[in-house]
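Here is the structure we will look at, set down as structure tokens.
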Amino acid sequence: MTRHSLGFALASAALTLFGVSGCATKNYVKNQTAPIITHTGQLDQETAENNRQIHDVDDRAQAGIKQAQTSADTANQNAQNATKAASDADTAANDVAQRADSLDAVVKGLDNYKQVADVSVTFGFDKSNLTDDDRSQLDNFAGQLGSAKNYILEVTGGCDTTGPADYNYALSNRRADAVVQYLVAKYNIPPHRFYLIGIGKDQQVAPDTTREGRQKNRRVEVQLLSNMNTNAPEAPSATGGQ
């Protein structure tokens, strides 16, 4: 073999060896880095999942705080409403007592005032409108006022025990108003003749444990009070009922 041939053979062998060694190095690096890349991807996924769970917990916590605040606000509002309702009922009761005292003072301030006639009309449950029968009884009662002198009309509205006190005071006043408005409009009775009071369920005229008793308590009583020193006639009572 010539020197030229030997050099060519050695060069070829070197190139072959370098190629084989290069391929082996790449495969080694690939084999070593592949698990690292895979692990890095897994860490990224776990980090993303942890962040999602953290946000989810935070959202639930915020929702819980908001719900708790809403419940607290609702409880506070209910307490305020209950306090106001109790205060309104107490005010209404005091107003009724004062008006009753005022009526008593008015009557006592006039000489020899006595009841000379009365009428009572009843109402349906939670109603304040007059029925045909109510109007008929009020008409009979009003027929006695033509010859009466120096008189006042005490109009008292009542209720049964169903419902809250403040509502019943208002309802009893509406019932008394309905009677006064009817008498004023039809018989032109001067407003100063009336003394109106709604007593709610404070003064029952019948046991409230039966349907008939509750119906009697849903009433408006009208009393004709006259100074007996005048010539006011003794009129018969016209008591209604249903």
From the residues in the range 152-177 that are more than 21 Å from Ala206 (Cβ to Cβ) and among the hydrophobic types (A, V, I, L, M, F, W, C), which one is surrounded by the fewest Cβ atoms within 10 Å (Cβ to Cβ)? Ala170
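Listed here are the residues, each with its yes/no results for (1) within 18 Å of Tyr195 (Cβ to Cβ); (2) more than 35 Å from the chain's Cα centre (by Cα).
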residue: Leu130; (1), (2): no, no
residue: Ser136; (1), (2): no, yes
residue: Asp139; (1), (2): no, yes
residue: Gly146; (1), (2): no, yes
residue: Ile152; (1), (2): yes, yes
residue: Arg174; (1), (2): yes, no
Restricting to the range 193-216, name every residue that is touching a strand residue (DSSP E or B) at 6+ places or on another chain (Cβ under 9 Å) and either among the aliphatic types (A, V, I, L, M) or at negative phi (or both). Arg193, Phe194, Tyr195, Leu196, Ile197, Gly198, Ile199, Gln203, Val205, Gln215, Lys216
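Per-residue answers, yes or no, for (1) at pLDDT below 90; (2) surrounded by fewer than 20 Cβ atoms within 10 Å (Cβ to Cβ):
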site	(1), (2)
Gln98	yes, yes
Ser102	yes, yes
Ser120	no, no
Gly124	no, yes
Asn129	no, yes
Asp133	no, yes
Leu145	yes, yes
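The values are calculated or read from the model by the stated rules, or taken from the named source; none is laboratory data. Because the structure is a prediction, the values reported are computed rather than measured. FYI the Cβ positions are ideal-geometry reconstructions off the backbone, even for glycines, and counts take in every protein chain you see.
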